Amino acid sequence: MNKSIEAGNTSKRTFDKGTTRSYQNEKWFVRIALAPILLLFGVFAFLPIAWSLLLSFYDYSPLSNHAVFTGMKNYTLLLQDAVFLKSLWVTFKFVGITVISNIVITLIIASAIYAIRIQWLKNLFRTLFFLPAIAPLAGTAIVWTTILNYDSGLFNVILGQLHIAPVHWLSDPKYALLSVIMMTLWADIGYNIVLFIAGRESIADMYYEAAILDGANRWHLFFFVTLPLLRRTMLFVTITTVISYFQAFPQFQIMTKGEPFNETRVLALNIYDQAFSNSNMGYASAMATIFLIIILIVTLIQFRLGRASWEQ
């Protein structure tokens, strides 16, 4: 009897040692596997952020051999810079209008595509809407600049056929930002359409069947079944879209260069101009630091709101 108990204890200790050793080996494997990725991420993400934060306290130009420490001077000048404050307002206006438009449009299109019962036709529409997202954004911006050209652009040619006066799409303060928003939506909605379709496909049919038995119509199904069950997808789409549009740069640089009268000068473009056109790296780094803080705050607010909605 005692020999059996001792043998059992020995087997248990051997098993525990083997399990511990296996767990340690797995930990080392995970560390080794993640090391190159974390190293690259640190070199190309954290290091530039830290360097930019350091430069924001200096009056530094790439054309100069030395940098002068100025403390908080760059940040103080930002509050007095009318162009910076205007670019901040334009950025928030662009992000607000474009994100809301993107989510509404993509949710409607995704719902319509999902309702198609013929599989090959559903795949065709999903592919067609995703195609613009494959093209380089710079190339898309050049094409849209041609389309919106005042003299020979497609839009004004159509307006001419309708006997409507041509529009200065990219040089009129009333239409310039709207034109860039249209181009951005056309080029970007494919991603979110695919994500919303995937989210809709993950919802079990039993929820809709139960709601129909309770007398729900299509509007009830959409607002009280689909939308609540798409909250996680909606949160992911909103966060990634907001961050992406805050960083919008190529379309503004190519289509308007921030004009007319800085009506399309977003913060990313303003940082670029200060850093590379004016060689004012310290001031641009201060802008970039403020930009980073804004994106972090907006993202944290979205996470908090998303978590609150899940707990309801």
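The values are calculated or read from the model by the stated rules, or taken from the named source; none is laboratory data. Since the structure is predicted, the reported quantities are computational estimates derived from the model, not experimental observations. When we count neighbours, we look across all protein chains shown, and the Cβ atoms used for this are built from the backbone with ideal geometry, even at glycine. Side chains are part of the model used for accessible areas, which takes the heavy atoms of the whole protein and leaves out ligands, DNA and RNA. Shrake-Rupley method; radii C 1.70, N 1.55, O 1.52, S 1.80 Å.
Structure notes:
- Distance-filtered residues of the range 227-261 - backbone nitrogen under 13 Å, label point 7 angstrom along Ser277 Cα→Cβ: 252-261
- Fraction in percent of alpha-carbon pairs per bin - 5 Å, the range 98-191: 2, 13, 18, 18, 17, 15, 11, 5, 2, 0
- Most fluctuating residue given options Arg218, Arg265, Arg31, as computed from a GNM of the chain linking Cα atoms under 10 Å: Arg31
- Residue separation of Leu124 and Tyr75 scaled by 0.36 nm, minus their Cα-Cα distance, works out to 12.5 nm of gained length.
- For the chain, hydrophobic long helices are taken as DSSP H runs at least 20 Å long by C-alpha position along their axis with mean Kyte-Doolittle hydropathy of 0.0 or more; these are 82-115, 119-134, 176-201, 231-246, 281-311.
- Helix-only mean residue ellipticity at 222 nm for the chain, each DSSP H run of n ≥ 4 adding -39500 (n - 2.57), per residue, nearest 500: -24000 deg cm²/dmol
- With all protein chains kept in place, the per residue accessible area of the range 79-218 amounts to 58 square angstrom at a probe of 1.4 angstrom.
- With the simple model of a label 7 Å out from the Cα in the direction of the Cβ, Arg307 to Lys93 spans 3.4 nm.
- Most mobile of Ile32, Ile212, Ile158 in a GNM of the chain (Cα contacts under 10 Å): Ile32
- Descending Cα extents along the principal axes, the range 239-312, whole Å: 50, 27, 17
- Zone of Trp51's modelled label, taken as backbone nitrogen in the range 247-280 under 19 Å from a point 7 Å along Cα→Cβ: 271-280
- Computed extension length for Leu154-Ala33: 38.4 nm, one decimal, from 0.36 nm per residue of separation with the Cα-Cα distance subtracted.
- Per-residue extension of 0.36 nm, minus the Cα-Cα distance of Ile203 and Ile297, leaves a gain of 30.7 nm for this segment.
- Put simply, when 232-244, 142-154 are sorted by average Cβ atoms within 10 angstrom per residue, most first, you get 232-244, 142-154.
- Rounded percent of accessible protein surface that carbon and sulfur make up, the chain, 1.4 Å probe: 69
- Structure remark: mean-square fluctuation, Gaussian network model of the chain, C-alpha springs under 10 Å; the largest value among Thr264, Thr226, Thr256 belongs to Thr226.
- Hydrodynamic radius of the chain per Kirkwood, over alpha carbon pairs, in Å: 24.0
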